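Accompanying notes for the structure given below.
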Amino acid sequence: MLRMWSKARELAEMTPPERNRWVDFLRAVSIMAVVVGHWMMAGLYVGADGQLQRGDLLTVAPWAHWLTWGFQVMPVFFLVGGYANQVSWAATTAKAAPDQPGVYRDWLASRVQRLVTPTFPVLLLWAALALAMTQAGLPRAQVRMATEAALIPVWFLAVYLLVTAFTPLAQRLWTRLGWGSFALFVPLAMVTDWLRFVHDVPWIGFANFLWVFIGLHQLGFAWRAGRFGRQWFAWGWFAVSLAILVAITVYGFYPVSMVSAPDGFSNSLPPTLALFALGCMQVGLVLALEPAGRRMLESVRVWTATVLMNGMIMTVFLWHLTAFVLVMAADWLLLGGWGLEPVPGTGPWWVTRPLWIVIYVIALLPLIAIFARHERSFGPVRGGRTVPRLRAVLGVLAICAGLGATAGLTIASPEGVSGVRWWVIALPLVGAALMGFGPVYFPRQRPDANEVA
């Protein structure tokens, strides 16, 4: 960790002055909020029968639903993604020759590679663990519970890759329509919810994965264009969005919880208009705080910590629930469930949360040490050659389908000798191979100052 801090400090000192450090800080904070939120909301405990029970804070403590307004911060990540993707796409097109073919395909393949390559180790490890646990005779329900819990974060990548793929089209919409390129997604989300809840149209709700998150992605374009430059506008955006959110949840149809609703439907899977309103509220808040935040990030220590976190951000995101599962498994198998007596939501359970979070962090550190280097350990896609059009399309679709199935179906199978859905594991690997990369780790390349995040 000291060596990583030293390298992060070196990169921090190389940062160009024109870089918007608030973008990197928001990326790091949003992922950390997800990590802490998962560690807080999920809870295992030993029941009266002496068996390990799966608890959920949101189920036993309805007041905790309000906490999800702070911990469900994926909208902030899409805001940051819009800003970063526009910067990256603009830089790519500025360097390309007017008649250069395959610019978009090469750009997309590079973005996909950076996001997906760190995912391969966690998928392959859990495939091996699921196989081993099944062959050892563990109940398949427990194997499924472990793999499902550990691989929850993967669904986000499938959605983010799809949204990223729309960046050039989103840029054209922004150039032509400005704010209209954001506004058009609001009625689309509303109509989708209307068809879903009023007319019970099957599967239509999944369209909101695009409408909601592309809409929030467009706000990243607005941010970069300076449309939130005046603090009064950002605070006004926050206030209006908050009022809408309260109206449609507290006094309206949608649940207050933005993660799950034990007695209703989820606002996140698939997204609803309520999550859209939450995202707009969060955008207004974080951009209203930007001037103060950028002053804070002038501190070398704070900026170094931000650089360090961004250098391992995918590893933390992908492995934090693996650390949780491994800690719980070790406690149950080796210590007989030590410290797992408190039921989630009770006083003793809250008192022990800080200790358990420290334990999860300690368990996560070796995983960071092993896997963080893979976030930048890859070579050029197809050796620098342009990805063929059909292969690019099929590759992205296969990767997104595989990642979505990993989170939705899980890799654990209730049938078969192996107990593993190998086709789910294979899809992202096949998609990566079609695009010209795979789970092969090349010697690490030193990032430049513009790649600190």
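The values are calculated or read from the model by the stated rules, or taken from the named source; none is laboratory data. These numbers come from a predicted model, not from an experiment. Heads up, the Cβs are rebuilt from the backbone with ideal geometry, glycines too, and the neighbour counts pull from every protein chain shown. The accessibility values were calculated without ligands, DNA or RNA, using every heavy atom of the protein model including side chains. Shrake-Rupley method; radii C 1.70, N 1.55, O 1.52, S 1.80 Å.
Using every pair of alpha-carbon atoms in the stretch 383-429, split the distances into 5 Å bins beginning at 0 and state the percent of pairs per bin, rounded to integers.
For the stretch 383-429, the binned pair fractions read 5, 22, 22, 17, 13, 9, 7, 3, 1 percent.
Under 20 Å from a point placed 7 Å out from the Cα of residue 60 along the Cα-to-Cβ direction: which residues of the stretch 12-47 have their backbone N that close?
Correct set: 36-47.
Give, in whole angstrom and from largest to smallest, the semi-axes √(5λ) of the equivalent ellipsoid of the stretch 86-193, with λ running over the eigenvalues of the Cα gyration tensor. Intermediate results must be reported in sequence, preceding the final value.
Details: eigenvalues 307, 92, 12 Å².
The answer is 39, 21, 8 Å, longest axis first.
In the chain, if the dipole is taken from +1 on Lys/Arg beta carbons and -1 on Asp/Glu beta carbons about the Cα centre, which of 109, 241, 303 is farthest to the positive end?
Sorting the options by dipole projection puts first 109.
For the chain, with all protein chains present and a 1.4 Å probe, just round the carbon and sulfur fraction of the accessible area to a whole percent.
67
Sequence gap at least 6, Cα distance under 8 Å: using those rules, report the relative contact order of the chain to the nearest whole percent. Don't skip to the answer; put the middle values down first.
Numbers: 613 pairs, mean separation 131.3, N = 453.
After rounding, I find 29 percent.
How much accessible surface area, in Å² rounded to 10, belongs to the heavy atoms of residue 385 with a 1.4 Å probe?
Taking all protein chains as shown, residue 385 has close to 140 Å².
Just order 336-349, 113-126 by mean Cβ neighbour count inside 10 Å, highest at the front, would you?
Numbers: 336-349: 15.2, 113-126: 20.6.
So the order, starting with the most tightly packed, is 113-126, 336-349.
Treating each Cα of the stretch 40-144 as an identical point scatterer and ignoring solvent, apply the Debye formula and state log10 I(q)/I(0) at q = 0.11, 0.14, 0.17, 0.23 Å⁻¹.
-0.71, -0.91, -1.02, -1.18
Computed from the mean reciprocal separation of all distinct C-alpha pairs, what Kirkwood hydrodynamic radius does the stretch 44-93 have, in Å?
Working: mean 1/r = 0.0690 Å⁻¹.
In the stretch 44-93 this quantity evaluates to 14.5 Å.
In the calculated pair distance distribution of the stretch 324-401, what percentage of Cα-Cα distances lie above 21 Å? Present the calculation step by step, with values, prior to reporting the outcome.
Working: 1711 of 3003 pairs.
Considering the stretch 324-401, 57 percent of its Cα-Cα pairs are separated by more than 21 Å.
Between residue 177 and residue 20, with labels modelled 7 Å along Cα→Cβ, what's the label distance in nm to one decimal, could you check?
2.1
In terms of the ratio Rg/(2.2 N^0.38 Å) built on C-alpha atoms, what value belongs to the stretch 238-283?
1.04
Provide Rg over Rh for the stretch 196-303; use the alpha carbon set for both Rg and the Kirkwood Rh (inverse mean inverse pair distance). Working shown, then result.
Details: Rg = 16.4 Å, Rh = 15.4 Å.
Value, to two decimals: 1.06.
Please compute P(r) over all alpha-carbon pairs of the stretch 286-437, binned at 5 Å starting from zero, and give each bin as a whole-number percent.
Result, from short to long distances: 2, 7, 9, 11, 14, 15, 14, 12, 8, 4, 2, 1 percent.
Can you give me the accessible area per residue for the stretch 207-249, using a 1.4 Å probe, in Å²? Present the calculation step by step, with values, prior to reporting the outcome.
Details: 1790 Å² over 43 residues.
Value returned for the stretch 207-249: 42 Å² of accessible area per residue.
Figure the gain on full extension for residue 409 and residue 194 (residue separation times 0.36 nm, minus the Cα-Cα span) and round it to one decimal in nm. Could you put the intermediate results ahead of the total?
On the way: separation 215, 0.36 × 215 = 77.40 nm, distance 2.67 nm.
That works out to 74.7 nm of additional length.
For the chain, how big is the tail of P(r) above 29 Å, as a whole percent of Cα pairs?
Numbers: 51174 of 102378 pairs.
I get 50 percent for the Cα pairs in the chain exceeding 29 Å.
Would you tally the net charge around residue 409, using a Cβ to Cβ cut-off of less than 12 Å, leaving residue 409 out, and scoring K and R as +1, D and E as -1? If you can, show how the numbers build up before the last one.
Details: positive: 144, 421; negative: 148.
The answer is +1.
About its Cα centre, how strong a charge dipole does the chain have in debye, to the nearest 20, once Lys and Arg get +1 and Asp and Glu get -1 at the Cβ? Kindly include the intermediate steps, with their values, before the conclusion.
Details: 32 positive and 20 negative charges, 287 e Å.
Dipole size: approximately 1380 debye.
Using only the Cα atoms of the stretch 246-318, each taken as one equal point scatterer with no solvent, compute I(q) by the Debye sum, divide by I(0), and report log10 of the ratio at q = 0.16, 0.18, 0.23 Å⁻¹.
Values, matching the q order: -0.79, -0.86, -0.96.
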